[in-house]
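Enquirer: The structure that follows is given in the form of structure tokens.
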Amino acid sequence: MLRSALLAASRSDAVRELVERTPLTRPVVRRFISGDDVDAAVATTGELVADGRYVTLDHLGEDTRDADQAAATVEAYLDLLRRLELAGHTGRAEVSVKLSAVGQFLPEDGEKIALDNARRICAAAGAVGTTVTLDMEDHTTTDSTLGILRELRVDFPWVGAVLQAYLKRTEQDCRDLAGPGSRVRLCKGAYKEPASVAFQDKTEVDLSYVRCLKVLMAGRGYPMVASHDPRLIAIARELASGRSKDSYEFQMLYGIRPDEQRRLAAEGHRMRVYVPYGDQWYGYFMRRLAERPANVAFFLRSLVTT
Ligand code: FAD
């Protein structure tokens, strides 16, 4: 119930204005978001890289209906990639891009604009020696996102995809994307989805995650295990036991289970942290609250006690 309400609120302009205008929200937001600008993003990257972690950076923003805003997002990524190169981080830091932030939902030629914009980001990433992963949004975008991925991979074969275990289609998508050179981030899925397309029960989602993980780990691609769930991490380690440690990686979100992140990195695993930055944090922040009721209590407590 709470999860559904928070996910519905994540798409409400009225609730967004309320939450954004509350100054006391800021300290809680900072637990999950590195900062408002590229300086903060590069500084956070430096700290994570210094203790052996890898990074993927997300310039926050999504669902844009404005071509200028989409173009500004592309510029922000190009600037970020220049800054990462200057700081010497491109060996360990890549970028994550939401296609809806670069034009996918624009009323005219949205998909083509998103493809062209993503192409510019990929070209810039390739030029500085790093990679791009396309985030996955709600199920209405899955076909479009995988179509754009296919087009991008013709010129940039290293572009990564995200697949969501809560979708019933995902096991088949994993089979389609388990080939050589393919990079797939497997996560549970963070959006509110109908029962017609997605498992609703937590156990069913976990079982689907394991089935998908088996396909990816048995395949010839590069699986990226994105979860904070201790049981799934243990299963992933088991399934990866025949693989070399540079042929897969673990991924977690900035601010969540940092001790476990450090522990996996110290054991010699590739551990990549998803670091969001920017001022359009609302949708991302609400999805993090929805994932864990304790976060809502933490948020409410900080409003009362700060
Ligand atoms: P859960 O069962 O939700 O959590 C397991 C445990 O992890 C919890 O018991 C708790 O200890 C801890 N935990 C999990 N979430 C939180 C939290 N918010 N706050 C505090 N503790 C927490 N989803 C998409 O739909 N599209 C994407 O492109 C996408 N990219 C992602 C990239 C990365 C690197 C990661 C790690 C996740 C991404 N997600 C994405 C989110 C994902 O789908 C899940 O919603 C999220 O990871 C929670 O699922 P879980 O596997 O951690 O398991």
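The values are calculated or read from the model by the stated rules, or taken from the named source; none is laboratory data. Remember, it's a predicted structure, so these values are computed and weren't measured experimentally. With ideal geometry, Cβ positions are generated from the backbone for all residues, glycine too; neighbour counts draw on all protein chains shown.
Enquirer: Being farther than 17 Å from residue 140 by Cα and surrounded by 23 or more Cβ atoms within 10 Å (Cβ to Cβ) is true for just one of 93, 67, 101. Which residue is that?
Expert: None of the other options fit; the residue is 93.
Enquirer: Turning to a different aspect of this structure: Residue under question is residue 237, and the condition is that it be more than 9 Å from the ligand (Cβ to nearest atom) and basic (Lys, Arg); does it hold?
Expert: yes
Enquirer: Find the residue count for the range 271-301, including only residues that are within 11 Å of the ligand (Cβ to nearest atom) and under 16 Å from residue 39 (Cα atoms).
Expert: Residues in the range 271-301 being within 11 Å of the ligand (Cβ to nearest atom) and under 16 Å from residue 39 (Cα atoms): 2 in total.
Enquirer: Out of 50, 5, I need the residue that is more than 30 Å from residue 124 (Cα to Cα) and surrounded by fewer than 20 Cβ atoms within 10 Å (Cβ to Cβ). Which one?
Expert: It is 5.
Enquirer: For the range 49-62, how many residues are out of contact with any Lys or Arg (no Cβ under 8 Å at 6 or more places or on another chain), in contact (Cβ under 8 Å) with a residue 24 or more places away in the chain and outside any loop (DSSP other than H, G, I, E, B)?
Expert: Number of matching residues: 2.
Enquirer: Out of 163, 106, 152, I need the residue that is at negative phi, buried (at least 19 other Cβ atoms within 10 Å of the Cβ), out of contact with any Cys (no Cβ under 8 Å at 6 or more places or on another chain) and not polar (S, T, N, Q). Which one?
Expert: When all the criteria are applied, what remains is 106.
Enquirer: Could you go through the range 163-180 and let me know if any residue there is out of contact with any Gly (no Cβ under 9 Å at 6 or more places or on another chain), within 19 Å of residue 250 (Cβ to Cβ) and assigned to a loop (DSSP other than H, G, I, E, B).
Expert: no
Enquirer: On to the next question. Between residues in the range 135-148 that are over 11 Å from residue 111 (Cα atoms) and residues that are in a loop (DSSP other than H, G, I, E, B) and among the acidic types (Asp, Glu), which pairs lie under 8 Å by C-beta distance while being six or more apart or on different chains?
Expert: So the pair list comes out as 137/62; 138/193; 139/193.
Enquirer: Further, regarding this structure: Just give me the residues in the range 240-285 being more than 21 Å from the chain's Cα centre (by Cα) and surrounded by 18 or more Cβ atoms within 10 Å (Cβ to Cβ), in sequence order.
Expert: Within the range 240-285, just 240 meets the criteria.
Enquirer: So which residues in the range 19-36 are in a loop (DSSP other than H, G, I, E, B) and farther than 16 Å from residue 55 by Cα?
Expert: If the condition is that a residue be in a loop (DSSP other than H, G, I, E, B) and farther than 16 Å from residue 55 by Cα, then 22, 23, 24, 36 are the ones that fit.
Enquirer: Any idea which of (1) modelled with pLDDT of 95 or more; (2) closer than 27 Å to residue 11 by Cβ is the one residue 192 doesn't satisfy?
Expert: Answer for residue 192: the failing condition is (1).
Enquirer: Would you check which residues across the range 63-107 are of a type in the set (A, V, I, L, M, F, W, C) and either assigned to a loop (DSSP other than H, G, I, E, B) or within 16 Å of the ligand (Cβ to nearest atom) (or both) and list them?
Expert: Matches in the range 63-107: 87, 93, 95, 97, 99, 101, 102, 105, 106.
Enquirer: With the condition kept exactly as written, say whether any residue in the range 171-185 is within 12 Å of the ligand (Cβ to nearest atom), within 23 Å of residue 131 (Cα to Cα), surrounded by 18 or more Cβ atoms within 10 Å (Cβ to Cβ) and among the hydrophobic types (A, V, I, L, M, F, W, C).
Expert: Yes: the range 171-185 contains one or more residues that are within 12 Å of the ligand (Cβ to nearest atom), within 23 Å of residue 131 (Cα to Cα), surrounded by 18 or more Cβ atoms within 10 Å (Cβ to Cβ) and among the hydrophobic types (A, V, I, L, M, F, W, C).
Enquirer: Do we have any residue at all in the range 26-40 that's acidic (Asp, Glu) and on the phi > 0 side of the Ramachandran plot?
Expert: Looking through the range 26-40, none of the residues is acidic (Asp, Glu) and on the phi > 0 side of the Ramachandran plot.
Enquirer: Another question, then. Filter the range 23-48 down to the residues that are free of Cβ contacts under 8 Å to residues at least 60 places away in the same chain and not aliphatic (A, V, I, L, M) and list them by number.
Expert: 23, 26, 30, 39, 46, 47
Enquirer: Among the residues of the range 188-225, write down those that are more than 12 Å from the ligand (Cβ to nearest atom) and of a type in the set (Phe, Trp, Tyr).
Expert: Passing the criteria: 199, 222.
Enquirer: All but one of (1) touching a Gly at 6+ places or on another chain (Cβ under 9 Å); (2) farther than 20 Å from residue 78 by Cα; (3) small (Gly, Ala, Ser) hold for residue 50, so report the exception by its number.
Expert: Residue 50 satisfies all of (1) touching a Gly at 6+ places or on another chain (Cβ under 9 Å); (2) farther than 20 Å from residue 78 by Cα; (3) small (Gly, Ala, Ser) except (1).
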